[in-house]
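What follows is a single structure, written as structure tokens, with notes after it.
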Amino acid sequence: MTAIAESNGLWESMYQGRTAFVRYWAYIGLMLGAVGLAMFGGDGYTENGYIFQLVGQDGLMWLGTGALLGAGLAIGASMLRPEMIDGYIPKMMVSWFDGGALMLVLMGLLTLLEPTAAMVSYEDQTNLFAANVIMTMNVLFLFSAICYIAYLFAPDSFIGSMATATAWAALYAGGSALLLRWYESYLFMDGEIGHAPVSNIYEVFILLFCIVTIIYLQWEKRYEAKAMGAFVMALVAAGVFFSIWLESVGQAEIKPLVPALQSYWMKIHVPMNFVGYGAFAVACGAGMAYLTRMWLEARNSKMVRVFPSLEQLDQLAYKSVAVGFPAFTLATILGAAWAAEAWGGYWSWDPKETWALIVWLVYGAYLHVRISHGWHGKTLAWWTVIAFLVTVFCFLGVNMYLAGLHSYGRLS
């Protein structure tokens, strides 16, 4: 027991005090080094060449220098002003940075399992290893969803722990799989078609699973809302089945980017958009949990004890929308800037743009009636569910049924 306590204490110390503070600023320095490389180092930023610079000698110099400067300045600042080490932002963000670093390490290890260059063919991509990692992710997500649902009927600590552990494992599998696909895109045609793994509906589904899961797991950890996982992870499981269908109809292949997507805007606009979608999915899960608890209360069911209170579920839905709405707003603004560069106009009432505006208005109205008019409870729970159906149509329905300037994103 003493050894376990010491191990837990060591783990907690990694995210407190000077250790977390210095590590946080080392990560910031690392990212600034990457920006410096793009702006001033080597050949500057090019769609394909920059990646090779990052993993080459120039990248090592710029990133290493940035990390060392960041850590050195943090050590100096923490000695001059010790109170700085207790800042909220470094404590909160360092765990996210560590998670990203772990995914990069996992991706690096997984590249060792990739086929040799002589075995790689653009026409036949079945031997690429990312597909195996994605299959593992799918199995873990489905198992996690089953465990969360079982937890509602048998709130045993082991079942709950298994649900959370497999959700975390699926998250890291999904994140490392996306990074591995990024690496794989450079294996074809001497790296000429390499691009970030957010270019087709199959890849962004994996990104969406990861975003939904990380937002939910943060709420679960902070608010002990494990029962909500049965609803959130059920949505993820539904998405997993859809992504399996996408793979079966040939949507999982790595392909060259169409001209409209050959832009740095894609790496910013698309992930930010899916932060919004992911947060809205979690809000929908909280709304479904709220409505289910109300239904159970009306029948005096003992299962009510497993659920968070109605007030807490209402708050979690609101917090999720409060996370997603600014991200979705920023994504829409970035998309307009990208459209101006690609098509010569900020807005063209394309079906995707129109439905994005509808989604924005729906969630903007949600925040308005809650903040300005004090709405709570059942009405807003239904709002989150219906609003997410609107979001799903914006994401999938437009791609499947409507044509426009965004037709490159349609299912083929």
Self-check item: Test result for Lys319, among the basic types (Lys, Arg), within 19 Å of the chain's Cα centre (by Cα) and either assigned to a helix (DSSP H, G or I) or assigned by TED's automatic domain parsing to the domain that holds Glu224 (or both)
Solution: yes
Quiz item: Can you name every residue in the stretch 341-361 that is surrounded by 18 or more Cβ atoms within 10 Å (Cβ to Cβ) and under 19 Å from Leu389 (Cα atoms)?
Solution: Pro351, Lys352, Glu353, Trp355, Ala356, Val359
Practice problem: Inspect all residues belonging to the stretch 153-174 and state whether any of them is under 21 Å from Val270 (Cα atoms), outside the structural domain of Phe395 (by TED's automatic domain parsing) and among the small types (Gly, Ala, Ser). | Solution: yes
Exercise. Return yes when Leu334 is of a type outside the set (Ser, Thr, Tyr) and over 29 Å from Gly229 (Cα atoms) and no when it is not.
Key: yes
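Would you please name the residue that is nearest to Gly49 (Cα to Cα), looking only at residues in the stretch 143-186 that are outside any helix (DSSP H, G or I) and in contact with a helix residue (DSSP H, G or I) (Cβ under 7 Å, 6 or more places away or on another chain)?
Among those that are outside any helix (DSSP H, G or I) and in contact with a helix residue (DSSP H, G or I) (Cβ under 7 Å, 6 or more places away or on another chain), it is Tyr186.
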Quiz item: Since Thr379 meets every condition but one in (1) β-branched (Val, Ile, Thr); (2) within 23 Å of the chain's Cα centre (by Cα); (3) surrounded by fewer than 18 Cβ atoms within 10 Å (Cβ to Cβ), which condition does it not meet?
Solution: (2)
Practice problem: Could you look through the stretch 300-340, keep only residues that are basic (Lys, Arg) and either surrounded by fewer than 16 Cβ atoms within 10 Å (Cβ to Cβ) or farther than 22 Å from Thr213 by Cα (or both), and pick out the one that is modelled with the lowest pLDDT? | Solution: Lys302
Exercise. Could you please tell me which pairs satisfy a Cβ distance under 7 Å, a separation of 6+ or placement on different chains, a first residue in the stretch 102-118 that is small (Gly, Ala, Ser), and a second residue that is surrounded by fewer than 11 Cβ atoms within 10 Å (Cβ to Cβ)?
Key: none
Self-check item: Sole exception among (1) buried (at least 17 other Cβ atoms within 10 Å of the Cβ); (2) modelled with pLDDT of 90 or more; (3) not assigned by TED's automatic domain parsing to the domain that holds Tyr186 for Leu110, by number
Solution: (3)
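Residue-by-condition table, conditions (1) at pLDDT below 95; (2) over 14 Å from Met228 (Cβ atoms); (3) of a type in the set (S, T, N, Q); (4) surrounded by fewer than 22 Cβ atoms within 10 Å (Cβ to Cβ):
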residue	(1), (2), (3), (4)
Ile146	no, yes, no, yes
Ile149	no, no, no, yes
Phe153	yes, yes, no, yes
Phe158	yes, yes, no, yes
Ser161	yes, yes, yes, yes
Ala167	no, no, no, no
Quiz item: Among Val133, Val139, which is touching a Ser or Thr at 6+ places or on another chain (Cβ under 7 Å), at pLDDT 90 or above and either in the same structural domain as Trp245 (by TED's automatic domain parsing) or not in a helix (DSSP H, G or I) (or both)?
Solution: Val133
Quiz item: Which members of the stretch 376-395 meet the condition of being in contact (Cβ under 8 Å) with a residue 40 or more places away in the chain and within 14 Å of Lys352 (Cβ to Cβ)?
Solution: Thr391, Cys394, Phe395
Quiz item: What are the residue pairs meeting all of these: first residue in the stretch 220-248, first residue at pLDDT below 95, second residue among the aromatic types (Phe, Trp, Tyr) and not in a helix (DSSP H, G or I), Cβ atoms under 8 Å, and 6 or more apart or on different chains?
Solution: Ala227/Phe307
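Conditions (1) in contact with a Phe, Trp or Tyr (Cβ under 6 Å, 6 or more places away or on another chain); (2) surrounded by fewer than 22 Cβ atoms within 10 Å (Cβ to Cβ), marked per residue:
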{"position": "Ser185", "(1), (2)": "no, no"}
{"position": "Tyr216", "(1), (2)": "no, no"}
{"position": "Gly229", "(1), (2)": "yes, no"}
{"position": "Ile244", "(1), (2)": "no, yes"}
{"position": "Gly250", "(1), (2)": "no, yes"}
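Within the stretch 254-265, is there a residue that is closer than 18 Å to Leu104 by Cβ and either surrounded by fewer than 21 Cβ atoms within 10 Å (Cβ to Cβ) or not charged (D, E, K, R) (or both)?
no
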Quiz prompt | Positions within the stretch 63-100 being basic (Lys, Arg) and in contact with a helix residue (DSSP H, G or I) (Cβ under 8 Å, 6 or more places away or on another chain), in sequence order | solution = Lys91
Practice problem: Name every residue in the stretch 251-286 that is among the small types (Gly, Ala, Ser) and modelled with pLDDT under 85, in order of residue number. | Solution: Ala260, Ser263
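Could you pull out the residue among His406, His373 that is crowded, with 18+ Cβ neighbours inside 10 Å and either modelled with pLDDT under 90 or touching a helix residue (DSSP H, G or I) at 6+ places or on another chain (Cβ under 7 Å) (or both)? Before you say what the answer is, go through the steps one by one.
Working: His373 fails: crowded, with 18+ Cβ neighbours inside 10 Å.
Every option except His406 fails the conditions.
Residue by residue, here is whether (1) within 26 Å of Leu217 (Cβ to Cβ); (2) under 26 Å from the mean Cα position of the chain (by Cα) holds:
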| residue | (1), (2) |
| --- | --- |
| Met288 | yes, yes |
| Ser301 | no, no |
| Val306 | yes, no |
| Asp314 | yes, yes |
| Phe325 | yes, yes |
| Thr332 | no, yes |
| His373 | no, no |
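The values are calculated or read from the model by the stated rules, or taken from the named source; none is laboratory data. All values derive from a computational prediction rather than experimental measurement. Positions of Cβ are generated from backbone atoms using ideal geometry, with glycine treated the same way; all protein chains shown enter the neighbour counts.
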